[in-house]
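The values are calculated or read from the model by the stated rules, or taken from the named source; none is laboratory data. Because the structure is a prediction, the values reported are computed rather than measured. Cβ coordinates were reconstructed from backbone atoms using ideal geometry, including for glycine residues, and neighbour counts include every protein chain displayed. These accessible areas exclude ligands, DNA and RNA; they are computed on the full protein's heavy atoms, side chains included. Shrake-Rupley method; radii C 1.70, N 1.55, O 1.52, S 1.80 Å.
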Amino acid sequence: MDNSSDITDKPAEAMEHKESPNAEENHPEGEQAKQPESSSEGTATTSVQTNTPQEETEQPASKEPEEEDEAKLQEKLQTLKGDRIGETMYSERFVLSTILKLSKQGNRLLEEDEEFEQDLCNLWDMTIEPDVVRFLLEQDVIELFLALAAESEDFRLIEILFGIIGNMCCVEEMHDLFYRQSALLVTFCDFLSISDAPVLVQLMRTLTTLFDRSDDERFHWFGVMKRVDNLTEKLALILATSTNRALLEHTAETVNAMINRFTEAEVDYAQLNEFYRLFAKSCLLEGLFEAFKQLYPLTGRETEGTSGGFDEETLTLKDIKTMRRFLEIHEHFIVNANELYEAYVSEVDQCVHRVLCSFVKESVLFPVTKNHICIFVSISNIYSGIMYHFRAESFIYMVKIYDQLAEALKNPPLQEEPSSATENNGTAMDEEDAADDGGEFDVETACAEVREAIFFLVGPIDEQIIRAAIQMGQLKESTFEQMCRELRETMDGEPLLYQTCAKLMNAVRSTGGEESIPMQQSNNEEQ
């Protein structure tokens with residue numbers, strides 16, 4: 001009796017775990033079970049019959065409606081499992097039918113078929129799954145996508161196709177395809193001449209992902225990219241003429257990714273000079289300067305000791321990341337192709353000045369992140385490469401930034417609600433931006449980088465010029481005392497260390513500013 005009761009309960013118990021809430025909707029009423037009748041283990045009786053054991057044992061084997069539904073559900077799940085791509089729940093049939101319809105698209109515009117546009121967008125979303133990407137590669141879709149894009153005048157279609165390709169570049173098999181069949185990548189880059197901003201955004205995103213995520217030892221992309229006609233000129237034209245913010249940001253990302261890839265990751269260092277012959281051109285610099293001004297324009301007349309008329313209230317984490325990219329590009333070029341900047345010193349200085357006058361604002365400076373650190377490193381390297389150039393306002397901002405960082409080391413700020421610098425007009429920062437941001441970094445590192453940048457800036461500059469800047473900014477003597485103490489500790493061995501510190505202290509003391517205890521011991525050391 002107990003055994004019979006246990007057997008009767010089994011189908012109902014399984015249903016609790018396996019049947020979906022909409023199972024009844026998926027199975028029309030009256031549909032017969034397709035599986036053959038099972039033995040007594042699979043039988044069940046109605047609740048009325050369970051009160052009479054004798055009748056229960058004599059009841060002929062038949063399936064309850066619940067058991068029939070479960071059987072149908074299991075059968076459907078097996079069917080779906082056979083159609084799914086890898087370990088995902090995405091349907092092979094849907095992907096194949098979408099590709100087939102795409103191959104027959106012809107000259108029709110997507111706006112004429114909203115349902116098909118939605119299917120393509122769904123396919124775009126699906127390509128975040130590596131199994132889906134590998135399945136698409138088995139269908140040779142890249143050749144199809146590029147052929148369709150070459151013949152189409154539908155920019156929306158091309159944007160979606162390139163967006164799918166961009167997602168696919170997150171998988172190494174896609175890198176292998178582009179590397180083995182490099183003509184595909186060259187053909188892809190030929191679309192740099194297109195005029196549609198959303199298409200170019202996806203193209204830039206694809207190239208950035210490709211170069212950032214490639215295996216250094218397996219893929220050497222410079223040999224492929226130098227075959228692209230007028231690559232540098234095409235990038236320069238986009239930077240110089242576009243007014244689309246997203247496109248300018250993504251193009252700067254792409255240029256930076258190329259430089260990093262070709263100058264740092266490539267194992268064949270013999271190609272370095274060839275790369276700079278191809279890439280370090282005045283047209284690209286001019287494009288970079290124009291794009292930077294487009295993104296971060298001067299909104300008012302510059303005044304002494306202010307933020308230079310720039311609007312910092314809308315500065316976002318993405319803006320800080322973009323500023324970093326522009327400065328890193330200039331840093332690479334100044335270190336490796338310094339002569340290119342002989343005619344552009346004031347332009348690159350304007351970029352640095354724009355960043356500094358943003359960071360002097362506490363809400364932009366804190367919390368210190370990886371992007372802040374990298375910006376200060378780039379500024380230090382830029383000033384060490386561009387000699388005998390001094391802008392009083394930039395010097396003042398750097399000293400004030402250093403002062404804030406030094407103060408934060410003594411009195412760490414309390415955690416506060418996100419400021420305007422960490423908000424993006426009320427929306428969360430993009431996921432990839434959050435990943436790249438790196439979280440909060442040690443303020444001491446930022447402080448050291450700013451000190452070093454100041455050291456390189458003032459090193460070759462006359463004391464009288466420094467004195468005038470100190471007076472203009474009403475800078476404190478105690479700030480320079482602390483700065484010079486720390487410079488002697490962190491930059492010991494620099495040939496001009498003590499001479500530069502002495503120049504700074506003489507300049508600040510001769511202004512008749514803040515009174516402080518003379519650094520007698522340090523002065524003796526300098527002598």
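Along its principal axes, region 71-201 has C-alpha extents of 58, 36, 22 angstrom, given from the largest down. Across region 164-235, the relative contact order, built from alpha-carbon pairs under 8 Å that are at least six residues apart, equals 44 percent.
Fraction of C-alpha pairs exceeding 15 angstrom in region 141-190: 42 percent, rounded to a whole number. Put a dot 7 Å past the Cα of GLU339, heading toward its Cβ, do the same for ARG391, and the two dots end up 2.6 nm apart.
Put simply, the amide H of VAL368, placed in the peptide plane, has neighbours under 5 Å in PHE441, leaving out anything fewer than 5 places away on its chain.
Determine the shape class of region 146-303: with a ≥ b ≥ c the square roots of the Cα gyration tensor eigenvalues, call it rounded for a/c under 1.5, and otherwise prolate if a/b is greater than b/c, oblate otherwise. Judged from the Cα gyration tensor, region 146-303 comes out oblate (a/c at least 1.5, b/c at or above a/b). With the simple model of a label 7 Å out from the Cα in the direction of the Cβ, LYS370 to SER97 spans 4.3 nm.
Region 204-281 gives an Rg/Rh value of 0.96, both radii derived from C-alpha positions and Rh following Kirkwood.
Only protein atoms count toward the accessible area here, which uses a 1.4 Å probe; on region 100-204, the carbon and sulfur part of that area reaches 46 percent.
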